[in-house]
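Read through the structure below, which is laid out as structure tokens, and then see the notes.
The values are calculated or read from the model by the stated rules, or taken from the named source; none is laboratory data. Bear in mind that the values here come from a model prediction, so they are computed numbers and not experimental data. No Cβ is skipped: glycine too gets one built from the backbone with ideal geometry, and neighbour counts run over all protein chains shown. What goes into the accessible areas is simple: the full protein's heavy atoms, side chains included, and nothing from ligands, DNA or RNA. Shrake-Rupley method; radii C 1.70, N 1.55, O 1.52, S 1.80 Å.
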Amino acid sequence: ALLRDKIDAVLVPRSDEFQGEYVPACAERLKWLTGFSGSAGLAIVTRKAAVLLIDGRYTVQVRTETDTDVFEVSQLARPRFSEWLIDKLVKGNTVGFDPWLHTASEIARLKAALDAKGIKLKALAKNPIDAIWGTSRPKPPMAEIAVQPLAFAGRDAAAKIADVQKTLKEAGQHATLLTLSDSVCWLFNIR
């Protein structure tokens, strides 16, 4: 995949396009690649090395789930993963990433750090993990949407929307963008 995409490294986060903590099985790319099932992590694979970056909650778990002969395990904080890339790559190398799986601010920070060393970032049109995972990748969830009863939701969706509109008006704003699926579900009382 690295050769096909003309990249020297690829980022594999534990996130989906909604950036939520919980991801469906079809988005468990990090788990599929590394075996690691924790709720936070990032793998970086280069042509010669691979690392799994985790936080301190997972030091025991990662050793039982991940082949440490294949993946170096590091507790390097995710905002500083550029340090690992700079150590392993050279000027002119390219790091590929799926633009749907990273925040704009994360990519901006990474770009600034890598630009200083002459390393490029490349947004990939297709996720290379999905291509390798192939037909064994679980299908996206397709359950029917259900309206949450008012007994659980507290207020109807129209009242919640009106409150958001009032808040926007008071703040002198014209719109808001909700991207987290749990926020969208809360606003519209859907599950």
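Suppose every K and R has +1 on its Cβ and every D and E has -1 on its Cβ; what is the size of the dipole of the chain about the Cα centre, in Debye to the nearest 20?
Its charge dipole is roughly 480 debye.
When the helices in the chain are scored as -39500 (n - 2.57) per DSSP H run of 4 or longer and the sum is shared across all residues, what 222 nm value do you end up with, to the nearest 500 deg cm²/dmol?
That comes out to -9000 deg cm²/dmol.
List the residues whose amide H sits under 5 Å from the amide H of residue 120, counting only those 5 or more places along or on another chain, with H placed 1.01 Å from N in the peptide plane.
92, 93, 94, 95
Write down, largest first, the equivalent ellipsoid semi-axes of the chain in whole Å, where each equals the square root of 5 times an eigenvalue of the alpha-carbon gyration tensor.
Value: 35, 21, 16 Å, ordered largest first.
Give me the percent of the accessible area of the chain that comes from carbon and sulfur atoms, probe 1.4 Å, all protein chains in place.
58
Put +1 on the Cβ of every Lys and Arg and -1 on every Asp and Glu Cβ in the chain; which of 66, 10, 118 then has its Cα farthest towards the positive end of the dipole?
118
Please work out the average accessible area per residue across the chain, using the 1.4 Å probe convention, and give it in Å².
61
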